[in-house]
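So the structure is just underneath, and the comments pick up after that.
What follows draws every value from the coordinates through simple rules; no lab data is involved. All of these numbers come straight from a predicted model, not from anything done at the bench. Note that we place each Cβ from the backbone using ideal geometry, even for glycine, and neighbour counts take in every protein chain shown.
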Ligand SMILES: Nc1ncnc2c1ncn2[C@@H]1O[C@H](COP(=O)(O)OP(=O)(O)OP(=O)(O)O)[C@@H](O)[C@H]1O
Ligand SMILES: [Mg+2]
């Protein structure tokens, strides 16, 4: 299964990682009809607890609590957890609070890396610093790096009027998701319901954001498969002077000639039919 793997991460607490993780998982499951697995990598386990205790859904959850501390061990275990379980769902979402001790190499396990951020000046600066530390992941030339998405989160009506992203210089390119608006009712949904169950501006903004994430996933997967195609093309080019490839190209030329002749006779035939019909 070509699972879409999404990491929701930031170094800053309280920006809405767990809210986005739990609600996005339920959206993929119920609005996009995808088998969804949430692997909660946060020691607090808020997003997995939310899903496990709220009204029933088909989202599968796992909460990974490292029993042996140490960053190297964490990286190996968490990576293994993602790889072992990715085949059981079409969409895999992970919720993680980043610490500078973690190895950004881990992000390569995912297709999309989503960083929720509020748009206040102070928080955008913190996000900027975080991106500076992990930028090499997205600039890597080995393999296909994940796609970086910034998600403006808890955005107030007043903030919606501003344009904080064009004013700030970010250290690397990213896709900007539609903002999720601030709504105090979100607090009451925790362990009860989900944003899609609740009518109001937050639902509209969340659905736009979730759809954009899904589209980004499709684009990322397409880019990934086209790169694979290029590699296989290269393999053909690399071997173009072998005996086998010379034989194959002769065969192809022969087939092409036969095809062109068939097409010619067919067009003669269709001309004949047309002339009969027009009589
Ligand atoms: N769109 C929103 N509008 C209003 N409040 C929100 C919104 N999204 C999240 N919150 C509230 O903000 C608080 C932090 O949200 P959440 O727990 O999702 O953040 P987090 O980044 O996972 O935090 P932590 O780092 O502690 O794990 C919660 O009380 C939550 O109810
Ligand atoms: Mg959290």
- Query: Peptides 22-31, 162-171, 185-194: what's the order by average Cβ count within 10 Å, highest mean first?
  - Reply: 22-31, 185-194, 162-171
- Rounded, prolate or oblate (a/c below 1.5 giving rounded, otherwise prolate when a/b exceeds b/c) for segment 4-230 by Cα gyration tensor: rounded
- Query: Relative to the present Cα-Cα distance, how much length would full extension add between residue 190 and residue 212 at 0.36 nm per residue of separation?
  - Reply: 5.6 nm
- Counting other beta carbons within 10 Å of each Cβ, put 202, 195 in order, fewest first. 202, 195
- Highest-first arrangement of 75-82, 210-217, where packing means the average Cβ count within 10 Å: 210-217, 75-82
- Query: What ranking do 51, 8, 114 get, fewest neighbouring Cβ atoms within 10 angstrom at the top?
  - Reply: 51, 114, 8
- Message: Starting from the 7 Å offset along Cα-to-Cβ, what nm value, one decimal, do you get for the label separation of residue 159 and residue 2?
- Response: 3.6
- Within segment 130-165, find all residues whose amide N lies under 20 Å from a label point positioned 7 Å from the Cα of residue 221 along Cα-to-beta-carbon. 144-149
- How long is the gain from residue 121 to residue 35 if the chain were fully straight, where each residue apart is worth 0.36 nm and the alpha carbon distance is subtracted? 27.2 nm
- Message: Classify segment 93-215 from the C-alpha gyration tensor, please: rounded if a/c falls under 1.5, else prolate or oblate depending on whether a/b exceeds b/c.
- Response: prolate
- Query: In segment 94-166, if every C-alpha pair distance is counted and binned at 10 Å from zero, what percent goes to each bin?
  - Reply: 16, 49, 27, 8, 0
- Item | 197, 183, 2 arranged by Cβ crowding within 10 Å, fewest neighbours leading | 2, 197, 183
- Message: Counting C-alpha atoms alone, how compact is segment 1-108: give Rg to one decimal and Dmax as a whole number, in angstrom.
- Response: 13.2, 39
- Using 0.36 nm per residue of separation minus the Cα-Cα distance, give me the extension gain between residue 168 and residue 129 in nm, one decimal. 12.8 nm
- Quick one: compute the contact order of segment 4-230, relative version, from alpha carbon pairs under 8 angstrom and 6+ residues apart, as a percent. 23
